[in-house]
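Read-outs throughout are calculated quantities, based only on the coordinates presented, and are distinct from any laboratory measurement. No experiment lies behind these values; they were computed from the predicted model shown. Counting neighbours? That spans all protein chains shown, and the Cβs are built from the backbone with ideal geometry, glycine included.
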Amino acid sequence: MLAFNSIICGLLALTAGPLTATQLTAPRGLAEVLRAARWQHRVLLIGAPTAEQADFQHQKKLLAAEAKGLAERDFKVIEVSYDQLTPADRQYWTQQLGQPVTGFRVVLIGKDGGIKRTETQLLAPASLFGTVDKMPMRRREMRGGRPD
């Protein structure tokens, strides 16, 4: 697992592909990470009050077992521990994404940057993949067409 300076910005990322030099540089805020992912990756945000929260840990394990499926669908998984968020990231999480900083959350963000699904309970990878695989962009990808 790659940490984006988890103490300072509270974001941890699991990447489906190899690490790149840009991922090892200065910490980036949530808004910047999501902006960089737009049109390149789907993003799954896993949020919880602390990184030790049971659902948070269980969701990570469920996804870790499905790394191939995540990679096939161009996913970036970002862990959001509310107690570690910077003020800017907390504001982005609550205001721009409309998510509370209480309880467990899973937020699916499409390649277009829009929120496609929000869950407050564990999200089974099969259900996640089912949601994504119904999207027009993903259908074009599966047919070998251009995603955009």
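Do any GluC sites (Glu not before Pro) in the range 39-148 lie in a loop, going by DSSP, with at most 15 other beta-carbon atoms within 10 Å of their beta carbon, and if so which?
Working: sites: 52, 66, 72, 79, 119, 141; in loops: 52, 66.
Answer by residue number: 52.
How would the range 48-127 be classified by its alpha-carbon gyration tensor: rounded, prolate or oblate, with rounded meaning a/c under 1.5 and the a/b versus b/c comparison settling the rest? Let's see the in-between values first.
Values: a/c = 1.92, a/b = 1.29, b/c = 1.48.
In terms of gyration-tensor shape, oblate.
Go ahead and collect, in residue order, the members of the range 70-101 whose backbone nitrogen is under 17 Å from a label point 7 Å along the Cα-Cβ direction of residue 126.
Of the residues in the range 70-101, 70 have backbone N under 17 Å from the label point off residue 126.
Measuring from label point to label point, each 7 Å out along Cα→Cβ, what is the residue 67 to residue 102 span in nm?
3.7 nm
Pull up all non-local amide H partners of residue 79: gap of 5 or more, or a different chain, and H-to-H distance under 5 Å with H placed in the peptide plane.
Here 12, 13, 14, 46 satisfy the definition.
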